[in-house]
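Written below as structure tokens is the structure these notes are about.
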Amino acid sequence: MSDPALAHAAAQVASAQQGVPVIKAFFDAPTFTVTYVVHDPDTRHAAILDSVLTYDPASGRTAFEAADPVLAYVEQAGLTVDWHLETHAHADHLSAAPYLQQKLGGKIAIGAHICEVQQTFGALFNAGAEFARDGSDFDHLWADGDTFAIGNLAVTVLHVPGHTPACVAYVIGDAVFVGDTMFMPDYGTARADFPGGDARTLFRSLRRILELPPETRLFMCHDYLPEGRDHYVWETTVAEQRRANVHAHDGVTEDEFVAMREGRDRTLAMPRLILPAVQVNMRAGHLPAPEDNGVAYLKIPVNQL
């Protein structure tokens, strides 16, 4: 295999018959987002992936309705949180990583290409010089192929851009947390029309993940309950995605996918929370600094998206 990072991830999956992670999912219905707590059953060390801060755009109020059940589970299970892992700078929800970090410890991490997102959206929001665009709001930035451990669980990071430039997938034991690259087979794949997104790049990232062993478990970041299904699901396998993904199953060519994805994206409205979400998530989940009256403000650029 000519892709060293992928070869390492595939070998990791194949050898993960012992110490497979314990995975607990928390579904936030208002944003259709799945947060995961993943832990090593031997050491009870853990990571929290893609946490959600509850936000009401009408009032501008934040709350912890989505994050507190995660906090309660970690405390009741006696877990030690090492990492708050973001798969990308989300456009559909605000991250609760700083809140959970304050309560539980651990480091906040994201892919190194977040700097590209910070440059693009820092300009969109006219963020001042106080907003660093070097990724330093995060505790750690991952490069493609980076490896680390959660307790005794091996982790490999794969850079999988296309939805955004900074998207990464986390291969933890035999499980892959794919972010927004793909959804359940009956819903397909993520959009690629955000600034810095690209449908052709997304297709190549999808196929990269789908080169992992067929039995590899895949965990989605969202489920939108497509027509014909009456319950939310977020776990599938490489084999099932290759067989049945409505946008990217085996046999779909790159050009076919790009034509479908670009055509579909032209019909989609912007996510309801994209403007508050991105300007918070590009800061690792922190609100902008308060102004001279002590109040933090989120900006709404007009006629820009």
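The values are calculated or read from the model by the stated rules, or taken from the named source; none is laboratory data. Remember, predicted model here, so these are calculated numbers, not experimental data. With ideal geometry, Cβ positions are generated from the backbone for all residues, glycine too; neighbour counts draw on all protein chains shown.
Here's the yes/no breakdown for (1) farther than 19 Å from Gly111 by Cα; (2) not hydrophobic (A, V, I, L, M, F, W, C):
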site: Val168; (1), (2): no, no
site: Phe183; (1), (2): yes, no
site: Pro195; (1), (2): no, yes
site: Glu211; (1), (2): yes, yes
site: Asp223; (1), (2): yes, yes
site: Arg242; (1), (2): yes, yes
site: Asp250; (1), (2): yes, yes
site: Ala259; (1), (2): yes, no
site: Thr267; (1), (2): yes, yes
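Condition (residue is in a loop (DSSP other than H, G, I, E, B) and of a type in the set (S, T, N, Q)) applied to the range 172-191: is it met by at least one residue? The answer is yes; a qualifying residue exists. Within the range 13-45, being hydrophobic (A, V, I, L, M, F, W, C), assigned to a strand (DSSP E or B) and under 17 Å from the mean Cα position of the chain (by Cα) holds for Ile23, Ala25, Phe26, Phe27, Val34, Val37, Val38.
Thr87 meets the conditions (1) hydroxyl-bearing (Ser, Thr, Tyr); (2) in contact with a Leu (Cβ under 9 Å, 6 or more places away or on another chain); (3) in a loop (DSSP other than H, G, I, E, B); (4) surrounded by fewer than 22 Cβ atoms within 10 Å (Cβ to Cβ) in every case but one. The failed one is (4).
For the range 140-156, which residues satisfy the criterion of being among the small types (Gly, Ala, Ser), part of a strand (DSSP E or B) and touching a residue at least 24 places away in the same chain (Cβ under 8 Å)? Of everything in the range 140-156, just one residue is among the small types (Gly, Ala, Ser), part of a strand (DSSP E or B) and touching a residue at least 24 places away in the same chain (Cβ under 8 Å), namely Ala154. Check whether at least one residue in the range 96-119 is over 17 Å from the mean Cα position of the chain (by Cα), under 30 Å from Ala63 (Cα atoms), at pLDDT 95 or above and among the hydroxyl-bearing types (Ser, Thr, Tyr), and report yes or no. Yes - at least one qualifying residue is present in the range 96-119.
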